[in-house]
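Here is the structure we will look at, set down as C-alpha cells.
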Amino acid sequence: MPIRAFIFDLDGVITDTAEYHYLAWKQLADEEGLPFSREDNEKLRGLSRRDSLLQLLKGNVIDEQTMQAWMRRKNDYYQTYLTRITPQDRLPGVTRFIEDAQTLGIRIGLGSASRNARDVLTRLDLFHTFDVIGDGYSVVNTKPAPDLFLWVAGGLRVAVPEAVVFEDAEAGIDAALKAGFWTVGIGHSNIGHAHIALPDLTETSPRDLISRIEALRTTRE
Ligand code: BG6
Ligand code: MG
C-alpha cells in the first residue's frame with residue numbers, strides 16, 4: 001500500500017506552543033498554590049485540557065464546577081499568549097516539508113488534541129493547507145486513544161497503513177500505534193517507540209521518509 005497521507009500533530013510538531021501551555025498552567029498553579037514545574041509540564045504533552053488538569057492536581061480532588069472554572073481560566077491565560085503567534089513561529093523545516101508533500105500528491109491532515117487548533121493554524125497562516133482538521137472537538141476519547149487519528153484518516157479517505165502520523169508526545173505515538181499507523185516521532189521527549197525518530201523536519205524530505213517506511217514494510221513482510 002503506498003503512503004497517501006501525512007497526519008500532523010500541532011503542538012510540538014508544527015509550532016511550539018508547549019511553552020505557552022506551561023506558562024498558562026503555571027499561572028493557574030501558582031494562584032492556587034499547587035506545585036508545578038517544567039518537568040511536570042513535559043508529562044502533559046499531547047494530553048487534553050482535562051487530563052492535564054488531573055495530572056496537575058496529582059490526586060487532589062476538586063468538584064466539577066471548580067474544574068470547569070480552572071480549565072476556563074487556564075485557557076484564558078493561554079489564549080492571551082496565542083495572540084503572539086505569527087507564521088514565523090512554524091517550527092524549522094515545516095513549511096518546506098509540507099509543500100514538498102503536497103507536490104507529491106500526499107494529503108495533509110491535522111490530529112491535535114487542542115480546542116485552539118484552528119485559531120493557531122490561522123495565526124500560522126496554515127489553515128487552508130490542511131485537507132482535514134481534527135481537533136479537541138472532533139472525538140470524545142482523546143490521546144492516547146486512537147480515535148482522533150482514525151477520524152482524520154477517515155476524513156482524508158485513506159486506509160490506516162497508507163498514512164503516517166507525526167507526533168512529539170508519547171501519548172500521541174501510543175495513539176497512532178494503537179490504530180496501526182506508521183509513526184514519526186519529532187523532538188526529544190519520549191518518542192523512542194515511534195517507527196522513525198527525528199529531532200525535527202529539517203534534515204528529511206517526504207520522499208526520504210516514504211522510502212524509509214517502505215524499507216521497514218519490506219523487512220516485515
Ligand atoms: C495538545 C497539547 O496539543 O493540546 C496539550 O499538547 C494540551 O498540552 C492539549 O493540553 C489541549 O489543548 P487546549 O488548547 O484545548 O487546552
Ligand atoms: Mg504535540
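Remark: THR66, THR142, THR204 ranked as THR66, THR204, THR142, counting other beta-carbon atoms within 10 Å and listing the fewest first. So what's the chain giving for Rg/Rh, alpha carbon basis, Kirkwood Rh from the mean inverse pair distance? Rg/Rh: 0.98.
Under the rule of -39500 (n - 2.57) per DSSP H run of 4 or more residues, summed and divided by the residues of the chain, what mean residue ellipticity at 222 nm is obtained, to the nearest 500 deg cm²/dmol? All intermediate terms of the calculation are to be shown ahead of the outcome.
Numbers: 9 runs with 100 residues, N = 221.
Rounded to the nearest 500, the figure is -13500 deg cm²/dmol.
Using DSSP to define loop residues, name the trypsin sites (Lys or Arg not before Pro) in region 1-56 whose beta-carbon has at most 16 other beta-carbon atoms within 10 Å.
Answer by residue number: LYS43.
Relative contact order for region 1-144 using alpha-carbon pairs under 8 Å, separation at least 6, rounded to a whole percent?
Computed value for region 1-144: 34 percent relative contact order.
For each of TYR77, TYR22, TYR137, count neighbouring Cβ atoms within 10 Å of the residue's Cβ, then give the residues from fewest to most.
On the way: TYR77 17, TYR22 20, TYR137 10.
Arranged by neighbour count, lowest to highest, TYR77, TYR22, TYR137 become TYR137, TYR77, TYR22.
Only beta bridges with both residues in the chain are counted; by DSSP, about 5 percent of them are antiparallel. Near GLN88, once Lys and Arg are set to +1 and Asp and Glu to -1 for all other residues with Cβ below 11 Å from its Cβ, the sum equals +1. Look at the alpha carbon pairs under 8 Å that are at least 6 residues apart: their mean separation over the length of region 18-82 gives a relative contact order of 49 percent.
Need one word for region 18-82: rounded, prolate or oblate. Basis is the Cα gyration tensor (sqrt eigenvalues a ≥ b ≥ c); a/c below 1.5 gives rounded, then a/b vs b/c decides.
Cα axes put region 18-82 in the rounded bin.
Computed from the coordinates by the stated procedures, all read-outs in this text should not be read as laboratory data. Everything numeric here is computed off the predicted structure, so don't read it as measured data. Neighbour counts run over all protein chains shown; Cβ positions are idealised from the backbone, glycine included.
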